[in-house]
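A quick write-up on the structure given underneath.
The values are calculated or read from the model by the stated rules, or taken from the named source; none is laboratory data. All values reported here derive from a predicted model rather than from experimental measurement. Note that each Cβ is placed from the backbone with ideal geometry, even for glycine, and that neighbours are counted across all protein chains shown.
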Amino acid sequence: MYFKKNLTLWRPISLTLLIAVLGGCATLGPDYQRPDTVSTPEYSENSRWKAAVPAEALPKGAWWEMYRDNTLNELQLQARNANQEIQGALARLEQARAAARIAGSDQWPRLDFDPSARRSRSSDALSPSGNGTMGTVINVPFDMSYEIDLWGKVRRSAEAATALYQASAADVENLFLSVHAEVARNYFVLRGLDAEVELLERTTALREQNLQLVESRYRNGQSARLDVARAETELASARAEVEAVRRQRAQIEHSLAVLTGNVASSSRLAGQASLPAAPVIAAGLPSELLERRPDVAAAERRLMAANARIGVAKAAFFPSIRLTGSAGYSSDELNGLFDWGNRVWALGPSVTLPIFNAGRNSANLEQTEAAYTEAVANYRQSVLVAFRDVEDALSNRAFLDRQHAAQQEALRAAQEAATLSAHRYQAGQISYLEVIDSERTALAHERAVTQIRAQQLQASVALVKALGGGWEK
């Protein structure tokens, strides 16, 4: 008896549930497939490339610790916690996360509690009896609204929002990688300049000793006044070189301060002339960078979002069905409001069918398809740039290694020539001009060796960044 009495209630509910179930069966738009890209480089046992499993999802770790430099480790920790670009990127990531949750919430019904109470009086002129009446209406309803996702529009929207959130997460990882790489690069530039300052200070001390020697020889009539002037010139030049390098060092120190979230004037790093050894590159390096590089991963996630938006645009051509309902209690007085006889409910779908919109839906579909084509091109370009970056870093390391070996040999020969020139000058066999020339040459080669060592460290940082955060040893 109870079932028959409430049959009229269950029929629309059952019909609505059936429509909702059927609504999950269709999803318009293409399912995502990774587009073809350039072929990866060939590799063999003797090549510098090897096959590798993509590892973008894995944490990159503190790759800078392989340099075994405590000061660098501390700077990287400061950058991680205080760099303002990173803080802004984390905030953008939270925005993308919230946007994905908002889009995902549309897949579920919305339920609102909307109580109201109203007391009113009707007009005498409008009342049948000629006397206005007083009335009270109290409503305590729960309102429900739900768009039945017949064509997958809501699901595709949620898919696009999720892909954009993942792209933002990859952007954050890419920024982490870029900031840490920039901190390491600047740090090694700073240490290279420290080594140059130490070298120039030693050179200045030697120039002072040379000046004393030349002045002594001049007083004894063994040298001309011209030799003294030349020695004074070389000393002043060495002092000027020291100040020029110190100026460069101050600018790099200020850059490190900004990277670590500090005011430039309040950040000071003690000089340290020794340079850490550049890490050894493994025999093979991964050729599959498509999932390891954060920037490539971000480009692909945006491609996925563009693909999902095509489904949303196609769904706009079809009818949309929204289910609305309300259930609660209504009475003209508070006493007895929640009596069973005062219950009220309403349930029913509404259908919206696009008839004419002056080509808006067609134009929107064309726009989303063009955006997808652009995203494909951006993704392929990011892959090309990834391989170029790795090849550049590998080539730089190889060239710098050979250059360092040749420069070391040149330095050895220049130092020997400078020693021989000094001995010959003291023996009165050559002029002081030849001594100056040989010492300048030796100094230039020694500075070149120091600069190349710093460049080797910077090249190793560039390789870490190009590979998406280090390599397996």
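Kindly provide the set of residues from segment 313-354 that are in a helix (DSSP H, G or I) and either of a type in the set (Ser, Thr, Tyr) or in contact with an Asp or Glu (Cβ under 9 Å, 6 or more places away or on another chain) (or both), ordered by number. Give the derivation first.
So the first thing to find is which residues in segment 313-354 are in a helix (DSSP H, G or I), and the list is 313-315, 340-342.
Scanning segment 313-354 gives ALA313, ALA315.
What are the residues in segment 302-361 that are surrounded by 18 or more Cβ atoms within 10 Å (Cβ to Cβ), of a type in the set (S, T, N, Q) and more than 30 Å from ASP171 (Cα to Cα), if any? Result: SER320, SER331. Taken as a whole, the condition of being among the charged types (D, E, K, R) and at pLDDT 90 or above applies to ARG402. If you go through segment 416-449 and keep only what is surrounded by 21 or more Cβ atoms within 10 Å (Cβ to Cβ), farther than 14 Å from ASP227 by Cα and either hydroxyl-bearing (Ser, Thr, Tyr) or in contact with a strand residue (DSSP E or B) (Cβ under 6 Å, 6 or more places away or on another chain) (or both), you end up with SER421, SER438. Taking segment 382-407 as the search range and keeping residues that are among the charged types (D, E, K, R) and touching a residue at least 12 places away in the same chain (Cβ under 8 Å), which one is farthest from ARG34 (Cα to Cα)? The qualifying residue farthest from ARG34 (Cα to Cα) is ASP401. The single residue among GLY192, GLY152 that is on the phi > 0 side of the Ramachandran plot and among the small types (Gly, Ala, Ser) turns out to be GLY152.
Determine whether LEU193 is crowded, with 20+ Cβ neighbours inside 10 Å and more than 20 Å from the chain's Cα centre (by Cα). Walk me through it before giving the result.
Details: crowded, with 20+ Cβ neighbours inside 10 Å: yes; more than 20 Å from the chain's Cα centre (by Cα): yes.
Here the answer is yes, as LEU193 does meet what is asked.
Residues that are over 19 Å from VAL296 (Cα atoms), among the small types (Gly, Ala, Ser) and assigned to a helix (DSSP H, G or I) within segment 374-433 comprise SER395, ALA398, ALA405, ALA406, ALA410, ALA413, ALA414, ALA417, ALA418, SER421, ALA422, listed in sequence order. Filtering GLU446, GLU374, GLU434 for residues that are assigned by TED's automatic domain parsing to the domain that holds ARG301, more than 22 Å from the chain's Cα centre (by Cα) and closer than 30 Å to GLU182 by Cβ leaves a single hit, GLU446.
For segment 79-92, give me each residue that is of a type outside the set (Gly, Ala, Ser) and surrounded by 18 or more Cβ atoms within 10 Å (Cβ to Cβ).
ASN83, ILE86
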